[in-house]
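To keep things clear, I will list the structure first and then write my remarks on it.
The values are calculated or read from the model by the stated rules, or taken from the named source; none is laboratory data. These figures come from a predicted structure and were not determined experimentally. We place every Cβ from the backbone using ideal geometry, glycine too, and count neighbours over all the protein chains shown. We work out accessible area using only protein heavy atoms, side chains counted, and drop any ligands, DNA or RNA first. Shrake-Rupley method; radii C 1.70, N 1.55, O 1.52, S 1.80 Å.
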Amino acid sequence: MKIIIKDSAADASAAVADILLRQIIQKPESVLGLPTGGTPLGVYARVREAYQHGRGSFAAVTTFNLDEYIGLAADDPASYAHYMSENLFAHVNIDASRTHIPSGMAVDPDIEAARYESLITAYGGIDLMLLGLGRNAHIGFNEPGSAHGSRTRRVSLTPSTIEANAGYFAPGARQPSHAITMGIGTILECRKIVVLATGPEKAEAVAASVNGPSSDDVPGSALMRHHDTTIVLDKAAARDLERSKIRELEA
Ligand code: PGA
């Protein structure tokens, strides 16, 4: 695991956007794994801006999103399909048929999860996986207790995650309690992983994920097992890391 610590969330987002852009410039037919949530908004804004200035093409890129809520249709404003369209896909030259997100409306979520997992394999796996980190150290919607070998599957969300995401739902809108998420084992098979965490509310999850021990109770700690993970932080999210640990991991 390597660490990059920036002064601000904006600088950390710019660093991650740069990693994504370099990936698609070096390998135009890259397969990307993409996250949603508040953290990557700055990354997608930077990528859109760079694209408008002629940097990077998505013409041959394939994407797989990490997760989707069960029960939300793609056009629901709170769905991750809608988020991706708003924040990235509608603004770049990506072929919609190459953008993949689990279907929240599948009749059988277990079959949908298995289909999604096979599709990732059929595309030859994911070159670069971008991840956020939940306040409880979840990655994707792999909540504490998820096995590090878990595959894409239907999961229940914890009360803390439901509360953290409540702000994305309109007042009175029904908030789903289940999702389909790539598994931790699925994530660990990606060739390169970049995690972005910003703000003091992530400091504890960052410290538990980076310091170890690696445990099912801390999904982010599974990333220590991966040969090419970079964690990009702002100073606030790095607050609880020891100086010696930072020096050891600084990229
Ligand atoms: P957030 O979520 O970016 O909205 O804080 C991160 C995550 O749950 O992975």
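Of everything in the range 146-155 that is of a type outside the set (A, V, I, L, M, F, W, C) and open to solvent by less than 50 Å² (accessible area, probe 1.4 Å), the residue that is nearest to the ligand (Cβ to nearest atom) is S146. When the range 152-194 is filtered for residues that are part of a loop (DSSP other than H, G, I, E, B), closer than 17 Å to I70 by Cα and of a type outside the set (G, A, S), the ones remaining, listed by number, are T152, L157, T158, N165, F169, R174, Q175, P176, M182. The condition (being more than 11 Å from the ligand (Cβ to nearest atom) and open to solvent by less than 40 Å² (accessible area, probe 1.4 Å)) is satisfied by just one residue among P176, P159, P171: P176. As for the range 79-88, it holds at least one residue that is more than 16 Å from the ligand (Cβ to nearest atom) and not in a strand (DSSP E or B). Report the residue count in the range 131-145 for those that are open to solvent by 10 Å² or more (accessible area, probe 1.4 Å) and either more than 12 Å from the ligand (Cβ to nearest atom) or not in a loop (DSSP other than H, G, I, E, B) (or both). Within the range 131-145, residues that are open to solvent by 10 Å² or more (accessible area, probe 1.4 Å) and either more than 12 Å from the ligand (Cβ to nearest atom) or not in a loop (DSSP other than H, G, I, E, B) (or both) number 2. For the range 117-126, the criterion of being within 18 Å of T36 (Cα to Cα), touching a helix residue (DSSP H, G or I) at 6+ places or on another chain (Cβ under 6 Å) and crowded, with 22+ Cβ neighbours inside 10 Å is satisfied by no residue at all. Collect the residues in the range 185-213 that are open to solvent by 50 Å² or more (accessible area, probe 1.4 Å) and away from the ligand (no atom under 16 Å from the Cβ), keeping them in residue-number order. E189, R191, K192, N211, P213 - these are the residues of the range 185-213 that are open to solvent by 50 Å² or more (accessible area, probe 1.4 Å) and away from the ligand (no atom under 16 Å from the Cβ).
For the range 22-37, the condition holds for at least one residue, the condition being that it is out of contact with any strand residue (DSSP E or B) (no Cβ under 9 Å at 6 or more places or on another chain), away from the ligand (no atom under 16 Å from the Cβ), not charged (D, E, K, R) and not in a helix (DSSP H, G or I). One residue stands out among those in the range 100-116 that are outside any loop (DSSP other than H, G, I, E, B) and touching a residue at least 24 places away in the same chain (Cβ under 8 Å): the one that is most open to solvent (accessible area, probe 1.4 Å), which is D110. Checked against the criterion of being small (G, A, S) and open to solvent by less than 30 Å² (accessible area, probe 1.4 Å), the range 50-70 has at least one qualifying residue.
Selection over the range 79-97 of residues that are surrounded by fewer than 17 Cβ atoms within 10 Å (Cβ to Cβ) and not acidic (D, E) gives a count of 4. Taking the range 205-249 as the search range and keeping residues that are over 18 Å from the mean Cα position of the chain (by Cα), at pLDDT 95 or above and of a type in the set (D, E), which one is nearest to V43 (Cα to Cα)? Ranking the candidates gives D240 first.
Would you mind stating whether I126 is touching a Cys at 6+ places or on another chain (Cβ under 8 Å), in contact (Cβ under 8 Å) with a residue 24 or more places away in the chain and β-branched (V, I, T)? Here the answer is yes, as I126 does meet what is asked.
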